[in-house]
1. Quick test of your reading of the structure: residue 28 fulfils all but one of (1) over 23 Å from residue 91 (Cα atoms); (2) not in a helix (DSSP H, G or I). Name the failing condition by number.
2. Go through the range 1-25 and give me each residue that's under 15 Å from residue 89 (Cβ atoms) and either assigned to a loop (DSSP other than H, G, I, E, B) or charged (D, E, K, R) (or both).
3. May I ask you to verify whether residue 136 is more than 15 Å from the chain's Cα centre (by Cα), touching a residue at least 12 places away in the same chain (Cβ under 8 Å) and within 16 Å of ligand 1 (Cβ to nearest atom)?
4. Go through 71, 61 for me and flag whichever is out of contact with any His (no Cβ under 8 Å at 6 or more places or on another chain) and touching a residue at least 60 places away in the same chain (Cβ under 8 Å).
5. Restricting attention to the range 120-133, report how many residues are over 20 Å from residue 64 (Cβ atoms) and buried (at least 21 other Cβ atoms within 10 Å of the Cβ).
6. Among residues belonging to the range 155-186 that are part of a loop (DSSP other than H, G, I, E, B) and among the small types (Gly, Ala, Ser), point out the one that is surrounded by the most Cβ atoms within 10 Å (Cβ to Cβ).
7. Report whether or not residue 45 is within 19 Å of residue 120 (Cα to Cα), of a type outside the set (Phe, Trp, Tyr) and within 11 Å of ligand 2 (Cβ to nearest atom).
8. Among the candidates 60, 45, single out the residue that is surrounded by 23 or more Cβ atoms within 10 Å (Cβ to Cβ), at pLDDT 95 or above and of a type in the set (Gly, Ala, Ser).
Amino acid sequence: MSTAAAERLYERVRACDLCPLWKTRTNAVPGEGPIDAEVMFIGEAPGVNEDRQGRPFVGAAGQFLDELFAAAGLSRQGVYICNVLKCRPPANRDPMPGEIDACRDYLDEQIDIVDPLVIVTLGRFSMAKFFPNQTISRIHGQAREAAGRFYVPMYHPAAALHQGSLRQVILNDFAKLPALLERARKAEVRPAPPLPMALSEPPDSQPSPRSDSRPTDSPIADAPIEAAPPSHAEATEQPEPFAPETAAAGRPTQIRLFD
Ligand code: URA
Ligand code: SF4
């Protein structure tokens, strides 16, 4: 897809009144970055500075995010950054389920347009889109692979500003990104295996194709790529695999939220 498609999307976001947050926003914050970025970061919602400037992660959390990019050998200019909600919730309260639902299509379109190799979720609200029924303290920094894309849940950078002990944890998690991106690049150029493919296997053993029909709002199978493939007995206890049909049949109507 094209830059023009992204611009049209941004214009729709700026004019959006699909949830009540339009009434209190100063500026909508659609997101920004090259539409051919390999890595997409998804935060929660604009804060006061983002609302003023119409750009994501320009406040204190954004400053720390820049440090995290540096730790991962990335630059802000080279990655795509957006949020689950495009408008600021009053007083920075948590996003509400109805707001997340109303705003979902914009994020899904962004994922389609950018088609990143790696999606990094920042905080529990963007994590919940791909990893429902999970807790960030349990799965942070652990990449999952589905349909040729890697998903990495990270703590929100603002969490480190509130809780100093998390600072090094997040830095360590981000430091894993270069190797993961390398793996994702290699997986991309390999020949596609026949469908249906095994999901969440280590990419070295079973490369997956990247396809335009990749779903974006389905649970990711519960096995980090660092782990050995599960035994059959374990596999039967796994949640529903991350399958294209799951997304086609409909998205979860409610996203469960976690601490
Ligand atoms: N926190 C977020 O989640 N997103 C922003 O854009 C800024 C702060
Ligand atoms: Fe529209 Fe999303 Fe803003 Fe709500 S938060 S008004 S759905 S752009």
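The values are calculated or read from the model by the stated rules, or taken from the named source; none is laboratory data. Just so you know, these numbers come straight off a predicted model, no measurement behind them. As a convention, Cβ positions derive from the backbone with ideal geometry for all residues, glycine included, and neighbour counts pool all protein chains shown.
1. Every listed condition holds for residue 28 apart from (1).
2. Matches in the range 1-25: 16, 18, 19, 23, 24, 25.
3. no
4. Unique residue meeting the criteria: 71.
5. Adding up the residues that qualify gives 4.
6. Once the filter is applied, the top-ranked residue is 175.
7. Criteria met by residue 45.
8. When all the criteria are applied, what remains is 45.
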